Amino acid sequence: MIRIGFSKDIHPLVPGRPFILGGIHLDVPYGPMGHSDADCLIHAIAESILGALALGDLGKFFPDTEPRYKNYDSTLILKEVNDYITKKGYIVSNLDCMVSLEAPKLRPYVDDMRKRIAGILAIEPTRVSVKATTFEGLGIVGEGKAIICEAVVLLETDMFMML
């Protein structure tokens, strides 16, 4: 059996905040605002996985009203979500992500992001796609005020779990 999930996440960008994306630190003097570490890409991925199994949104499992998630490492969220779906007999077959961000350019970071995400999901990096685009100066993303990340995931039944 296969299941498909989609999610989109947006965070405002503010000065003086660390910029963590796909589990990788970007070397810039601003970053996304959020309750956790605000890793927009990891949030979109985790929520797409939850959505594929109709489990609800990220806030249901990791509410921003919960003090323990303040500045929380989002890669731990993704690991917990992946552990949960693995116990239900599913694995990530492939993942396609789009990051919309005016700056910085992400090309130097993309391969590291793919490897980091694949490592958390216990899959090969060839199953993880991370792409980037700009908004050509239009809207809040184009003005450098926000980042948007989208993720589409294909889950499949882990045949080894079925034996």
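The values are calculated or read from the model by the stated rules, or taken from the named source; none is laboratory data. Computed from a predicted structure; not experimentally measured. Glycine gets a Cβ as well: all are built from the backbone with ideal geometry, and neighbour counts include every protein chain shown.
In this structure, is His11 within 23 Å of Gly142 (Cβ to Cβ), touching a strand residue (DSSP E or B) at 6+ places or on another chain (Cβ under 9 Å) and not small (Gly, Ala, Ser)?
Working: within 23 Å of Gly142 (Cβ to Cβ): yes; touching a strand residue (DSSP E or B) at 6+ places or on another chain (Cβ under 9 Å): yes; not small (Gly, Ala, Ser): yes.
Judged against the criteria, His11 is a match.
Ile2 - would you say it is within 16 Å of the chain's Cα centre (by Cα), of a type outside the set (Gly, Ala, Ser) and under 19 Å from Ala122 (Cβ atoms)? Break it down into steps so the answer makes sense when it comes.
Working: within 16 Å of the chain's Cα centre (by Cα): no; of a type outside the set (Gly, Ala, Ser): yes; under 19 Å from Ala122 (Cβ atoms): yes.
In short, no.
Taking the stretch 28-40 as the range and being out of contact with any helix residue (DSSP H, G or I) (no Cβ under 7 Å at 6 or more places or on another chain) and in contact (Cβ under 8 Å) with a residue 40 or more places away in the chain as the test, the residues that pass are Val28, Cys40. Residues in the stretch 5-32 that are within 15 Å of the chain's Cα centre (by Cα) and in a loop (DSSP other than H, G, I, E, B): Gly22, Gly23.
Yes/no matrix, rows are residues, columns are (1) modelled with pLDDT of 95 or more; (2) closer than 24 Å to Arg17 by Cβ; (3) of a type outside the set (D, E, K, R); (4) exposed (fewer than 15 other Cβ atoms within 10 Å of the Cβ):
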| site | (1), (2), (3), (4) |
| --- | --- |
| Thr75 | yes, yes, yes, no |
| Val92 | yes, no, yes, no |
| Ser100 | yes, yes, yes, no |
| Glu124 | yes, no, no, yes |
| Val130 | yes, yes, yes, no |
| Leu154 | yes, no, yes, no |
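Residues being within 14 Å of the chain's Cα centre (by Cα) and surrounded by 15 or more Cβ atoms within 10 Å (Cβ to Cβ): count how many of those fall in the stretch 77-90. Within the stretch 77-90, residues that are within 14 Å of the chain's Cα centre (by Cα) and surrounded by 15 or more Cβ atoms within 10 Å (Cβ to Cβ) number 5. List pairs: first residue in the stretch 54-68 and of a type in the set (Phe, Trp, Tyr), second residue in a loop (DSSP other than H, G, I, E, B) and surrounded by 13 or more Cβ atoms within 10 Å (Cβ to Cβ) anywhere in the structure, Cβ distance under 9 angstrom, at least six positions apart or on different chains. Here the result reads Phe61/Leu55; Phe62/His35; Phe62/Ser36; Phe62/Tyr72, each pair linking the stretch 54-68 to a residue that is in a loop (DSSP other than H, G, I, E, B) and surrounded by 13 or more Cβ atoms within 10 Å (Cβ to Cβ).
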